[in-house]
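Asker: Dumping the structure here so I can ask a few things about it.
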Amino acid sequence: MTYQVILPAAGQGKRMGAGKNKLLLSLNDIPILIHTLRVFEEDDHCEGMILAIHPQDEAEFNRLLKNYQIQKVTRLVPGGKERQDSIYNALKTVKSDGIILVHDAARPFIKIEQIHRLTKTAETAGAAIIGVPAKDTMKKVQDGVVTETVERSSLWAVQTPQAFRISLLLQAYDQAEEDEFIGTDDSSLVERMGYPVDIVEGDYDNIKITTPEDLYFAEAILKKRQKEFC
């Protein structure tokens, strides 16, 4: 099952405190952005990537795409004020129907086999997300006081990519725009229309690099993977 993928990459990484787009930070001397793009570049099922970017990063992104021979990026579109705005800008440039993925550019450890399971599910169901079962005990807290211990067996930590039929996701975004609704992720926009969303189990390595501490975990995951392939 072929697909296209939107990667929001316009964030300025304030929580990282790097003074620049966190995607330009290096892991093993290669930018985080390139680690992520290479996954889709190497997947025969990927027909193209659309990056939503901040205009100030355009020259640097183009340089990296050329230097690392990333061929499947079909266009760069301007990002918006919120992540949702960036994805909407990119989504409106997609003219065909089929399957579209939305993936955090700061998640470089997604595996191709997981992408294929996700797209296969979305082809049948229309909407599918990837995630992992919650490990920790979960509690609701209000004003610094625990109000409830939540049954953990039904809780999942949701990741990306998230996969949808293009027409369905565009309808969800159009409706959110009309209602001035800001969701927590793409799936939440589809869910609010009453459309069922399937979930595919991923793995705990598929972290989003957000804070300086995440860089330590990312380095450890890279080392683990290098040993696996030795």
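Laboratory data are not the source of any read-out in this text; all were calculated from the coordinates shown. All of these numbers come straight from a predicted model, not from anything done at the bench. All Cβ positions, even for glycine, are placed from backbone atoms using ideal geometry, and neighbour counts span all protein chains on display.
Asker: I'd like the distance separating the alpha-carbon centroids of the stretch 145-224 and the stretch 83-136, in whole Å.
Answerer: Rounded to whole Å, the Cα centres lie 9 Å apart.
Asker: For labels at residue 124 and residue 158 in the simple 7 Å Cα→Cβ model, what's the distance in nm?
Answerer: In this crude spin-label approximation the distance works out to 2.1 nm.
Asker: So which aspartates and glutamates pass the test for residue 223, namely a Cα distance under 17 Å, with those fewer than 8 places away in the same chain ruled out?
Answerer: In chain and number order, the partners are 29, 203, 205, 213, 214.
Asker: Please identify every one of the trypsin sites (Lys or Arg not before Pro) in the stretch 10-94 that sits in a loop by DSSP and has no more than 14 other beta carbons within 10 Å of its own beta carbon.
Answerer: 14, 15, 20, 81, 92
Asker: Can you give me the distance in nm between label points at residue 224 and residue 28, each placed 7 Å from the Cα along the Cα-to-Cβ direction?
Answerer: Simple spin-label model gives 1.4 nm for this pair.
Asker: Compute the distance in nm between two label points, each set 7 Å from the Cα along the Cα-to-Cβ direction, one at residue 1 and one at residue 148.
Answerer: Taking the simple label geometry, residue 1 and residue 148 are separated by 3.3 nm.
Asker: Note down the net charge around residue 51, summing +1 for each Lys or Arg and -1 for each Asp or Glu among other residues with Cβ under 10 Å from its Cβ.
Answerer: -1
Asker: Considering Cα pairs under 8 angstrom that are at least six residues apart, work out the relative contact order of the chain and quote it in whole percent.
Answerer: 23 percent
Asker: Okay, moving on. Of the GluC sites (Glu not before Pro) in the stretch 20-68, which ones lie in a loop per DSSP and count no more than 14 other C-beta atoms within 10 Å?
Answerer: 42
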